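Asks: Here it is, the structure, as structure tokens.
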Amino acid sequence: MAQSRLSDPRMPGEAWTVPSSPMRLGLPLVSLLAIGALALVGPWGIAAWHENAALLSERQAERTALRAELAALENRVELLGPEAADPDLVGELIRPNLGVLHPDEVVITLEDE
């Protein structure tokens, strides 16, 4: 069976060689360098890792503060519940808003800590 010259440009017995051109060698090298640069300074790279760690600790501190605020609000709601309302807290909230103060009373407001 004879080989066609169109399918294989080599002569019989000739070794196959890869043509070496700057474009053929340079494109993979440039691609690897670009991937390496993105690994260092990209949005998910090593340089961003430190920034993300700082942001994580900031968000965790914010979350802790919000959980403490939530616990305080839940406690206040529990004290104002219809089945077990704390009379002191109810008086503290209602009397100044409705203007129900006796002439001999003095209102002292305390700042929340």
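Asks: Take the Cα gyration tensor of the stretch 31-98, multiply each eigenvalue by 5, square-root it, and list the three semi-axes largest first, rounded to whole angstrom. Could the numbers behind the result be given before it?
Replies: On the way: eigenvalues 576, 20, 13 Å².
Whole-Å semi-axes of the equivalent ellipsoid: 54, 10, 8.
Asks: What is the gain in length, in nm to one decimal, between N97 and E78 on full extension, counting 0.36 nm per residue of separation less the C-alpha to C-alpha distance? Walk me through the numbers on the way to the answer.
Replies: Working: separation 19, 0.36 × 19 = 6.84 nm, distance 2.07 nm.
Extra length from N97 to E78 when fully extended: 4.8 nm.
Just so you know, all these numbers are worked out from the coordinates, no wet-lab data involved. All values reported here derive from a predicted model rather than from experimental measurement.
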